[in-house]
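Everything below concerns the one structure shown next.
The values are calculated or read from the model by the stated rules, or taken from the named source; none is laboratory data. These numbers come from a predicted model, not from an experiment. With ideal geometry, Cβ positions are generated from the backbone for all residues, glycine too; neighbour counts draw on all protein chains shown. Heads up: the accessible areas ignore ligands, DNA and RNA and are worked out on the full protein's heavy atoms, side chains in. Shrake-Rupley method; radii C 1.70, N 1.55, O 1.52, S 1.80 Å.
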Amino acid sequence: MPALVLLGAQWGDEGKGKATDLLGGSVDYVVRYQGGNNAGHTVVVGDQKYALHLLPSGILSPGCTPVIGNGVVVDPSVLFSELSGLNDRGVDTSKLLISGNAHLITPYHTTLDKVTERFLGTRKIGTTGRGIGPAYADKINRVGIRVQDLFDESILRQKAEAALDFKNQVLAKLYNRRAIAVDQVVEELLGYADKLRPYVADTTLLLNDAIDAGKVVLFEGGQGTLLDVDHGTYPFVTSSNPTAGGACTGAGVGPTKINRVIGILKAYTTRVGAGPFPTELLDEDGDKLRTIGGERGVTTGRDRRCGWFDAVIARYATRVNGLTDFFLTKLDVLTGWERIPVCVAYEIDGRRVEELPYSQTDFHHATPVYEYLPGWTEDISKAKTFADLPKNAQAYVKALEEMSGAPISAIGVGPGRDETIEINSFL
Ligand code: GDP
Ligand code: IMO
Ligand code: MG
């Protein structure tokens, strides 16, 4: 089983960090392929809790080489503060590898992210304000600065000029902000060059060689399927491709090399930021899910919007990612409800719709059609096998599996590494 993709099947925060960490001990490489420090992945190891943003979750597994692929956008200031935070806690980060083709997030991207959101007013996306969208926009506009540009001052200067000529006009004339000096940007970025150099590698070559040699490579997505710029709830999305295809472009590995695609699926649904969310609960149940589930953003500290499980979305994730398995997380959070609603279809203008509507207007008008499954009251956090779960919890999992279109191969019953029921091995 040389190459697996692990990605979010909903709107992010499904528990990807925990799942990656769980597999990290058995894989040779963990590769981030898109996104940047907009991600917030929580990993709990024993009594230690880690919040990772840019670094792959495999960084916590000593035998594993963490890789930041070409598809990621790297804020060097965040990179080094995250590395030193882990070093201070005794984590060895020396194996990290970073693609020379990854694009950089610079302070002007972060500034632009914030002012653009302010300018959008009520139409804002609710971004994390980390400069993600503007950095990817520069990449696509071909005025981005890549990691490898730091090693050639004259090229770096030319690229910074190309990027800033236009942006400074926008900043000064449209947003009434001070222009950013090229010298200042070049000086700041050059300051990272020597520190970055030891980590930089031809990660595409290395990963392809590793797969050919039978090593196990795990591609770890940030965000989630419904935040994908092509397949998500555009424009309320992030600016990259967390879906499975993004692993190929974001790491330089062909689809024929990938054997398994695991969707991380929360037993209910959450979303951060603006955009449609058919099963959202604005009542006591929503507050209860938020409190019991600890649903607060790891990156921005914002409360997450909470709602019931949505099988239409899970089916869609199976389709657009070619999922082979699900890892169902946070089943323990649902303990204590007498009956648990599950959205099995939508009603849109009087019609029952089973699949995610491709028309955004339809999706905005969708209301959930619920089936009600019986709940359970027993503590499930110590369950080690499927048979340890109460009958109603087993039936809930089986019903979700049936509706979602791929086998549920693992179940999370708590945040810790060992609070997991493994049904089918991933490796
Ligand atoms: P990610 O962005 O997908 O890695 O997810 P986050 O870390 O942002 O959010 C998931 C939260 O749920 C974290 O606080 C995890 O520690 C926690 N978590 C993960 N799996 C489980 C689980 O099965 N049960 C419980 N109770 N918490 C979990
Ligand atoms: P993880 O990896 C949840 C959301 C933001 C906003 C939209 C665009 O922890 O699952 P961006 O800053 O990316 O331009 O913001 O995407 N968003 C996330 N929501 N989890 C994440 O990451 C997210 N990363 C971005 O809230 O709605
Ligand atoms: Mg998160």
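Charging the Cβ of each Asp and Glu at -1 and of each Lys and Arg at +1, and nothing else, the dipole of the range 103-197 about its Cα centre rounds to 540 debye. When you count the other C-beta atoms within 10 angstrom of each residue and take the mean per peptide, 200-207, 243-250, 418-425 line up highest first as 243-250, 200-207, 418-425. What the Cα convex hull of the range 162-282 gives, in volume per residue, is 199 Å³.
Per residue, the range 103-197 exposes 56 Å² of solvent-accessible protein surface, assessed with a 1.4 angstrom probe and all protein chains in place.
Ranking G232, P62, T111 by Cα position along the charge dipole of the chain, where only Lys, Arg, Asp and Glu carry charges on their C-beta atoms, puts T111 farthest toward the positive end.
Gain on full extension, evaluated as 0.36 nm per residue between Q394 and D418 minus their Cα-Cα distance, stands at 6.7 nm.
Using the Stokes-Einstein relation with a Kirkwood hydrodynamic radius computed over Cα pairs, the translational diffusion coefficient of the chain at 4 °C and a viscosity of 1.567 mPa s comes to 59 µm²/s. Straight-distance candidates among the lysines for linking to K18, with alpha-carbon spacing under 24 Å and chain neighbours fewer than 8 residues away dropped: K49, K95, K215, K266, K288, K330, K382, K384, K398.
For the range 232-380, which whole-number percentage of the solvent-accessible area (1.4 Å probe, protein heavy atoms only) is attributable to carbon and sulfur atoms? That fraction is 50 percent. Calculated mean residue ellipticity at 222 nm for the chain: -10000 deg cm²/dmol, from DSSP H runs with n ≥ 4 weighted as -39500 (n - 2.57), summed, divided by the residue count and rounded to 500. Sorting 326-335, 388-397, 143-152 by average packing, meaning the other beta carbons within 10 Å per residue, from highest down gives 326-335, 143-152, 388-397.
Computed over neighbours whose Cβ is under 13 Å from that of V312, the net charge equals -3, Lys and Arg +1, Asp and Glu -1. Rg/Rh for the range 47-187 stands at 1.02; both radii use Cα atoms, and Rh follows the Kirkwood definition. The dipole here belongs to the chain: it is taken about the Cα centre, uses +1 on the Cβ of Lys and Arg and -1 on the Cβ of Asp and Glu, and is about 640 debye. Surface composition of the range 1-151: carbon and sulfur make up 51 percent of the accessible area, probe 1.4 Å. Across the protein chains, with a 1.4 Å probe defining accessible surface, the residues R305, R118, R177 rank R118, R177, R305 from largest area downward. Against the chain, whose longest principal axis is taken from its Cα atoms, helix 76-88 shows a tilt of about 60°. Scanning residues 5 or more positions from V73 or on other chains, those with amide H under 5 Å from its amide H are G35, G36, with H placed 1.01 Å from N in the peptide plane. Which of rounded, prolate or oblate describes the range 287-345 when judged by the alpha-carbon gyration tensor and an a/c cut-off of 1.5? Verdict is oblate for the range 287-345.
Take a quick pass over the range 103-197 and tell me how many lysine pairs come in under 23 angstrom between Cα atoms, counting only ones 8 or more apart or on separate chains. Total qualifying Lys-Lys pairs in the range 103-197 comes to 13. Solvent-accessible surface (1.4 Å probe) assigned to H365 amounts to roughly 100 Å².
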